[in-house]
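*Asks:* I'd like to ask you about the structure that follows.
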Amino acid sequence: QVQLVESGGGLVQAGGSLRLSCAASGMFFSIYRMGWYRQVPGKQRELVAAITSGGDTNYADSVKGRFTISRDNAKNTVYLQMNDLKPEDTAVYYCNAAVLSTNSWGKGTQVTVSS
């Protein structure tokens with residue numbers, strides 16, 4: 001059973017940084033495409049960044065140049081380094097693991113950016 005546990009969220013001032021981590025278990029981590037999504041109340045969950053099993057990455061336009069996704073297959077962990085945070089980055093951030101038709105989610109971690 002796939003389990004994803006996010007950590008690293010919190011309250012930060014605009015311009016600050018946070019690093020989110022997602023620890024995975026119950027899966028052959030290295031073959032999964034891993035992603036970070038975010039959601040604010042009343043809006044759809046949106047992709048923030050993703051990284052394939054081969055290390056290819058893609059980002060939402062709104063975070064390009066500020067956020068970096070990375071993975072450590074030895075630690076079964078995916079990271080999201082978030083720099084120059086803005087109030088509009090405030091959301092619950094969710095970790096996602098996908099392979100073939102399987103799609104798993106963590107419970108999320110709150111990120112709040114004050115102006």
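*Asks:* List the relative contact order of the chain as a percent without decimals, with contacts defined as Cα pairs under 8 Å and 6+ residues apart.
*Replies:* With pairs under 8 Å counted, the relative contact order is 36 percent.
*Asks:* Is there a quick way to get the dipole size of the chain? I mean about its Cα centre, with the Cβ of Lys and Arg at +1 and of Asp and Glu at -1; what is the value in debye to the nearest 20?
*Replies:* 120
*Asks:* As an exercise, use a Förster radius of 22 Å and the Cβ-Cβ distance of Ser70 and Ser7 to find the FRET efficiency, rounded to the nearest 0.05.
*Replies:* FRET efficiency, Ser70 to Ser7: 0.90.
*Asks:* What residue among Val78, Tyr93, Thr68 has its Cα farthest toward the positive end of the dipole of segment 66-105, where the charges are +1 on Lys, Arg and -1 on Asp, Glu, each on the Cβ?
*Replies:* Selected residue: Val78.
*Asks:* In addition: Can you list the lysines whose alpha carbon sits under 19 Å from that of Lys107, skipping same-chain ones fewer than 8 residues off?
*Replies:* Cross-link targets: Lys43.
*Asks:* Shifting gears a bit: Determine which lysines satisfy two conditions relative to Lys64: a Cα distance under 20 Å, and not lying fewer than 8 residues away in the same chain.
*Replies:* Lys86
*Asks:* Starting from the 7 Å offset along Cα-to-Cβ, what nm value, one decimal, do you get for the label separation of Ser62 and Ser17?
*Replies:* Reported label-point gap for Ser62 and Ser17 is 2.3 nm.
*Asks:* Write down the accessible area per residue of the chain in Å², having rolled a 1.4 Å probe over the full set of protein chains.
*Replies:* On a per-residue basis, 53 Å².
The values are calculated or read from the model by the stated rules, or taken from the named source; none is laboratory data. Not measured: the values here are computed from a predicted model. Cβ coordinates were reconstructed from backbone atoms using ideal geometry, including for glycine residues, and neighbour counts include every protein chain displayed. Calculation scope for accessible area: heavy atoms of the full protein, side chains included, ligands and nucleic acids excluded. Shrake-Rupley method; radii C 1.70, N 1.55, O 1.52, S 1.80 Å.
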